[in-house]
Amino acid sequence: MTMPMAVSAATAGVRPGRLVDVPAVVRLLVPGPPPGDDDQARRALRLLLAHHLLEEGQLWVAEGGLGDTRVAAAAIWLPPDAEPVSRRLTEVLTRELRDPIDLVAAGERARATLAAVRPEERHWTLTTAGVLGPDWDERRTTGLLAPGLAAADRDAAAVLAIAASEREAERLGRFGFVGARRVTTAHGPGAWLARRPARGRA
């Protein structure tokens, strides 16, 4: 691990995320005013984070610091053995969203695209929010990624990171991620993927 271990989650103002943090994390993932489709995306993300991620994975959040307890950045981790989105949650999405069929179908297409490029080896999946973009802070990023990277190392697993831009993917190189490449879907801007090999492997 290339990350300096002197910077830990605690020293960087990072803590485990809770249900109450979900709306703030959603705003980081889908910034700006929520007109139309963005509002749909936010509602779907709130449901997915609250009813899937917090049960199957890990959420770590960084607060603003200097007395500011608002969530400024987040790291979302899903382990290799995470269960897929349950039928129950799919039914909730169908009931709660205005145009559920289109949104669920788009999500399935995106998952199929990612499945085609995921490493075959055992791996964790990382998605970041508000940590690698314009407000880049290396200390905060180091502390925020530390718990998940440590968990992946204990699991002897690789990590697949999903970033919003090439620059964000490249910034992950500081933490041992390599091979940044873009993937596109039929709808949406696509994403950049980078892989961190399992500790001790080439």
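Since every read-out is calculated from the coordinates, none of them should be taken as a lab result. Everything quoted here is computed from the prediction, not taken from an experiment. No Cβ is skipped: glycine too gets one built from the backbone with ideal geometry, and neighbour counts run over all protein chains shown.
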Listed by chain and number, the residues whose amide H is under 5 Å from that of Trp124, excluding neighbours fewer than 5 places away on the same chain and using placed H, are Ala158, Val159, Leu160
Tell me, what ³J(HN,Hα) does each residue in the range 167-183 have, in order and in whole Hz, if you take phi through Karplus 6.51 cos²θ - 1.76 cosθ + 1.60 with θ = phi - 60° and put x for Gly and Pro? 4, 5, 5, 5, 5, 5, x, 4, 10, x, 7, 9, x, 4, 8, 8, 10
Distance in nm between Trp136 and Ala156 label points, each 7 Å along Cα→Cβ, equals 3.5
